[in-house]
1. Grab the DSSP H runs of the chain that are 4 residues or longer, score each as -39,500 (n - 2.57), total them, divide by all residues and round the 222 nm result to the nearest 500 deg cm²/dmol.
2. At 7 Å along Cα-to-Cβ for each site, give me the label-to-label distance between Leu116 and Arg152 in nm.
3. Calculate, in nm to one decimal, what Arg265 and Val286 gain on full extension: separation in residues at 0.36 nm each, minus their alpha carbon distance.
4. Do the alpha carbons of any pairs in Lys25/Lys49; Lys204/Lys232; Lys25/Lys232; Lys25/Lys281; Lys43/Lys281 sit beyond 22 Å of each other, and which pairs?
5. Here are several values of mean projected area of the Cα convex hull in nm²: (1) 13.8; (2) 16.3; (3) 14.7. Which one was derived from the coordinates shown?
6. Can you work out ³J(HN,Hα) from phi for every residue in segment 230-239, in order, using Karplus 6.51 cos²θ - 1.76 cosθ + 1.60 and θ = phi - 60°, giving whole Hz and x for Gly and Pro?
7. How much length is gained on full extension from Tyr227 to Gln202, taking 0.36 nm per residue of separation minus their Cα-Cα distance?
8. If packing is taken as the average number of other Cβ atoms within 10 Å across a peptide's residues, how do 59-65, 112-118 rank, most packed first?
Amino acid sequence: MTISRLSLLLLLALLSASGQAADLKLSFVSASRAELGNPHDLKLSPDGKYLFVADVDNDRVAILDPESLALVDEFGADHQGGTHDIDFDARGRAYVADTHNNRVTIYEMEGTRARLVGELGERIRGPEGVLAHPNGIIYVAGAWSGNVVAYREGEIVGELGGLSSPHDLELARNGDIWLADAGNSRLLLLSPELEIKRELAQEKYDFNGVRYLDLSAEGILIAADKYSHAVKFIDADGELLHVLGDGKAGRGANRFTTPEGVEVRGSELWLSDSGNDRVVKYRFVVE
């Protein structure tokens, strides 16, 4: 009997959930109770005190306590539209993908209080991903314009086109950039000059609308695969280590409906279970 690739992935997920996976073990910790609406990407504040959530349907950035997942503050609801992503630069400024307004809004932050100080919008439509790179360049993924645009001090210094609904941009340990090319169900590794260096394709990983991602300290790539209702863990060699979720929409420990956001720090992992309007927290160990 021939086993389909999807069936194999589901088998890996079941083995991992039962503790038989040798390399990666995850445990569910908690879920948020705050009133969120289709939360997308997540980002811890530079000091780790707060978890910033792109709260799409509420047109805001919701700020949660990363331990209890309680709502502690918010900003942007009076001027954002379809908020999808957030990142921080080396100075602590916040860059927010204000998707429906076709711009990235820039804020000076003082704790949880945000002051709007600028925006980026040239040559992008429907931005859904933003990365403040240590090289001083802000990279923005235009989901509706099918491109990634690089800005330095507000001026365009690079562009990659020919993409399909690009979403998240995340920093690799060597300064390269991982991009979720969602409409093509693949991940791309880009140089800071936006040259394609590597592709993780749908055929190997059964991606189905892969959206937002993050990298652990061990270099494990953690990607929310929206329409697979799963989160996939890929090691530095490109091997699939673990699939969290059974491929069916649901709600509960190890079950998701159209997950989107990912944030990891140390052994703690936060995920946006977007279709269930909640953020969930896990702990994981790499052995």
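Readers should treat all values here as calculations from the given coordinates under stated rules, not as data from a laboratory. Computed from a prediction, not measured in an experiment: that's the story for all the values here. Glycine gets a Cβ as well: all are built from the backbone with ideal geometry, and neighbour counts include every protein chain shown.
1. -1500 deg cm²/dmol
2. Computed distance between label sites Leu116 and Arg152 equals 2.9 nm.
3. Stretched out fully, the Arg265 to Val286 stretch lengthens by 6.2 nm.
4. Going by Cα-Cα distance, Lys25/Lys49 fall outside the 22 Å limit.
5. (1)
6. 8, 10, 10, 10, 10, 7, 5, 8, x, 8
7. That pair, Tyr227 and Gln202, stretches by 7.7 nm at full extension.
8. Top of the packing list down: 59-65, 112-118.
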